[in-house]
1. How many angstrom lie between the Cα centre of the range 243-270 and the Cα centre of the range 1-75?
2. Using the Cβ atoms and a cut-off under 10 Å, what net charge is assigned to the surroundings of I130, where Lys and Arg are +1 and Asp and Glu are -1?
3. Report the gain in length on full extension from H299 to R415: 0.36 nm times residue separation, minus Cα-Cα distance, nm rounded to one decimal.
4. Quote the FRET efficiency, to the nearest 0.05, computed for D354 versus E125 with a Förster distance R0 of 41 Å and r equal to the Cβ-Cβ distance.
5. Tell me, what % of the accessible area of the chain is carbon and sulfur with a 1.4 angstrom probe?
6. Relative to the longest principal axis of the C-alpha atoms of the chain, give the angle of the C-alpha long axis of helix 207-226, reported between 0 and 90° and rounded to the nearest 10°.
7. For the range 449-507, what is the charge dipole size about the Cα centre, in debye to the nearest 20, if Lys and Arg each add +1 at the Cβ and Asp and Glu each add -1 at the Cβ?
8. Could you work out how far the C-alpha centroid of the range 326-342 sits from that of the range 396-423, in angstrom?
Amino acid sequence: MADEKLQIIRHSCAHVMAEAIMHLYPGTKIAIGPAIENGFYYDFDFPKGTKFTEEDFPAVEKEMRKIISGNHAFVRKEVSKEEALKLFADQEYKLELINDLPEGETISTYEQDGYLDLCRGPHVENTKEINAQGFKLNKIAGAYWRGDSDRPMLTRVYALCFAKPNDLKDYLTMLAEAEKRDHRKIGVEMDLFHLDPEDPGQIFWHPNGWTIYTVMQDYMRKMIRRDGYLEVNTPAIMPRSLWEKSGHWGHYQKNMFITESEKRLFAIKPMNCPGALEIFKSRQRSYKDLPLRLAEFGHDVRNEPSGTLHGIMRVRGFVQDDAHIICTEEQVGSEVARFCKLLKNVYHDFGFDDLVVKFSTMPEDHVGDIETWERAEKALADACHEAGLEFEIQPGEGAFYGPKLEFKLYDCLGREWQCGTIQADFQLPSAERLDATYIGQDNQKHHPVMLHRAILGSFERFLGILIENFAGAMPTWLAFEQVAVVPVSSEFDDYAKEIAEKLVQHDIRANAYLGEDNMKAKIKSVSMEHKTPYVLVVGEKEKAEGTVCVRYRFSSKKPQETMKVEDFIKYVEDKVETHFIGI
């Protein structure tokens, strides 16, 4: 079934849910109810004193099925603004929407089974086109009316909706698996990090989690150094004057944390691009200096609404694998192609080879002339083809200053994650903004182009994706503990310590598990709690022969084997060096 048809079914089902809730809770005010990925939601303002919870879902679903079984037609009608205001006189949110419509815009209503809603549609022709077993209410959230925290808080009821019951069943199975893999749950179980409700959106990294984090960062540092980047670092707090020049003060101030010192306003940086251009401007540059690839693992802070925060996936404080490529217009294509190749290699090393590229073109609200935009878009398209990447066009979705590419990867559950991006910016270096220049071959000053790019995006979010993708069982090269050495009894503690120390000397993250617990308890602990890739069991035979008995994390897939210590070290080093995803 085409996605468009499924979205129509979902939106129609949203109207059925609204009707059911109006039947069960008379006096409820209705707001908006769009179709979304995998289903729909509707925002309600329930009568005072009504406490709507997930326990009420079965009653609503039963009422919805009753409505669907009535085979009611969806009837569209165009009305005047005056008529619409009369029809929805007792629905304050609909009245606001009507009054905000541009003069002369068509106003339409849809009615089914006596339920009337303000809607531009389209809808299915009859409720029988909605499968009565293909939907399920799944969660409730608070939502400010029109996203404004100064407006009323409404109750947002979410539902899943599919054309076929089996599609719903498959999706629920995936959700159940995703719940098991929830990075917030695994993060606590593996002692990776914690989140403090008194400090929303900030992460407290524990040694285990920080080890993975720094391994990722060291890896990215190595990859970009090999690709010709120079690493820089810019101040965490910069003055209002700089943010005004860059345009962020006027367009992004609500998301910035502001502070004052000596009667001057400063902002904690939400992004790194102005700082990179300040470094570029610190001395006169020549065309011979370009392209200049400046990378920064910049710590950014954004004042995200607390209701949007989600574990380490959506936070206020984060670090990006950020870089800004400052180049001539003629170099844009080759630099984007180079970036695409680097991105593919990085994603491969993390186990992601299935990518989708979205190409966002010029929006209606843009700066710069059409000819420049056409050149920039052609450069991006040619670069993608050169890197062996196909793309999907997102018409009019580019930034106001330039087109962009977005890179989306898929995890083991088939979920899509947008991580990497590269944007062509002709605006920030311009005379109207930060006025960055270089001396060209003609001995005249020119403004460069700035390519904003990230591969992982935020380290925090990407690590959350990895935790859920691998269910905490990281590949050897990423695991915070790569090897656990377990003696069969305390008699062999010294040999276990000796092995662990030798591994550490070879930069293998290893620990010896001594103490009173028996061998089986220790193995279970490191396997279940730490998800350690290799457990080395040592006893009398191993000590006498200078060997270790290797137990693999998923022993059912690979039998245990005895190896010389030196051979095991080479084995692990090879897995780490090649970024092998298995064990």
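1. The range 243-270 and the range 1-75 have Cα centres separated by 42 Å.
2. +2
3. Numbers: separation 116, 0.36 × 116 = 41.76 nm, distance 2.73 nm.
Net length gain for the segment: 39.0 nm.
4. Numbers: r = 37 Å, r/R0 = 0.91.
So, using R0 = 41 Å, E works out to roughly 0.65.
5. Details: 13560 of 28310 Å².
Of all accessible area on the chain, carbon and sulfur atoms account for 48 percent.
6. Relative to the chain, helix 207-226 is tipped by roughly 90 degrees.
7. For the range 449-507, the charge dipole is close to 500 debye.
8. If we compute the Cα centre of each part, the gap is 17 Å.
The values are calculated or read from the model by the stated rules, or taken from the named source; none is laboratory data. Since this is a predicted model, take the numbers as computed values, not measurements. In this analysis, Cβ positions are derived from the backbone assuming ideal geometry, glycine residues included, and neighbour counts consider all displayed protein chains. For accessibility, only protein heavy atoms count, side chains too; no ligands or nucleic acids. Shrake-Rupley method; radii C 1.70, N 1.55, O 1.52, S 1.80 Å.
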